[in-house]
1. Using a 1.4 angstrom probe on heavy atoms only, work out the carbon and sulfur share of the accessible area of chain B in %.
2. Could you point to the residue in B:LEU81, B:TYR103, B:THR3 farthest towards the positive end of region B:3-112's charge dipole, with +1 and -1 charges on the Cβ of Lys/Arg and Asp/Glu respectively?
3. Show which aspartates and glutamates lie in cross-link reach of B:LYS80 when reach means a straight Cα distance below 18 angstrom and same-chain residues fewer than eight apart are skipped.
4. Could you bin all the Cα-Cα distances of region A:5-110 into 10 Å bins starting at 0 and give me the percent of pairs in each, rounded to whole numbers?
5. Between chains B and A, what is the buried accessible area in Å², counting both sides, with a 1.4 Å probe and ligands, DNA and RNA left out, to the nearest 100?
6. Leaving ligands and nucleic acids out of the surface, order A:ASP67, B:ASP100, A:ASP83 by accessible area at 1.4 Å, largest first.
7. Hey, got the dipole for region A:5-110? About the Cα centre, +1 on K and R Cβ, -1 on D and E Cβ, debye to the nearest 20?
8. Rounded to the nearest 10 Å², what accessible area does B:SER67 have for a 1.4 Å probe in the complete protein model?
Amino acid sequence: TQLLEQSPQFLSIQEGENLTVYCNSSSVFSSLQWYRQEPGEGPVLLVTVVTGGEVKKLKRLTFQFGDARKDSSLHITAAQPGDTGLYLCAGEGRGANNLFFGTGTRLTVIP
Amino acid sequence: SQTIHQWPATLVQPVGSPLSLECTVEGTSNPNLYWYRQAAGRGLQLLFYSVGIGQISSEVPQNLSASRPQDRQFILSSKKLLLSDSGFYLCAWSYGQGTDTQYFGPGTRLTVL
């Protein structure tokens with residue numbers, strides 16, 4: 001099993017603050033995806049990063065894939081209450097049909 | 001467009017009772033299908049995946065089983081539920097290889113008492 005650890009596990013910040021969420025593993029992944037999940041709903045894909053060192057931006061969200069493709073980060077600038085949710089990273093496993101999901105970071109943005 | 005349905009949305013079952021959760025996908029053919037379980041506020045644990053009718057791969061040994069009787073139907077079952085089976089069960093599909101984007105259903109909240 002390829003384990004993905006996310007940190008922090010919980011994060012509560014004020015609206016307007018910046019934050020970074022980390023996704024780390026000892027394994028190398030061919031690609032890595034980030035999802036956000038609202039309470040009581042299924043996760044929704046935000047972005048996929050494929051190349052080591054790749055940086056992708058989605059409005060106020062910046063995603064980076066580590067050079068060694070073992071880790072990734074998600075940085076949110078000027079967080080808003082709508083950013084509240086569970087953020088999950090998922091790495092492409094060795095098998096052809098597996099994504100390994102991280103442990104998740106629950107973000108709460110307080111108005 | 002493609003849609004994925006799960007039912008029921010919520011379920012409360014006594015320990016030892018059977019379980020059947022259903023997932024169906026519309027608008028695509030021969031999808032890869034997945035069952036995940038999620039503990040409260042945590043990441044997803046892959047339980048089963050299927051690349052075609054009657055083809056099931058199990059990731060975690062347990063008292064759950066899965067079946068795919070039709071191309072776009074995926075069923076999660078148990079003969080006797082345990083307290084530890086409580087959780088949020090998510091079905092997902094992808095076009096091809098499991099590393100493609102996965103599209104998740106709305107989930108089923110199962111509480112075993």
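The values are calculated or read from the model by the stated rules, or taken from the named source; none is laboratory data. What you see is a predicted model, and the numbers here were worked out from it, not measured in a lab. Methodologically, a virtual Cβ is constructed for each residue, glycine included, from the backbone with ideal geometry; neighbour enumeration extends over all protein chains shown. For accessibility, only protein heavy atoms count, side chains too; no ligands or nucleic acids. Shrake-Rupley method; radii C 1.70, N 1.55, O 1.52, S 1.80 Å.
1. Carbon and sulfur atoms account for 53 percent of the accessible area of chain B.
2. Checked the options; the winner is B:LEU81.
3. Cα-Cα hits under 18 Å: B:GLU22.
4. Once binned at 10 Å, the Cα pair distances of region A:5-110 give 16, 50, 29, 5, 0.
5. When B and A are taken together, about 1700 Å² of accessible area is lost.
6. These residues rank, largest area first, as A:ASP67, B:ASP100, A:ASP83.
7. Values: 9 positive and 10 negative charges, 43 e Å.
With Lys and Arg at +1 and Asp and Glu at -1, about 200 debye.
8. 50 Å²
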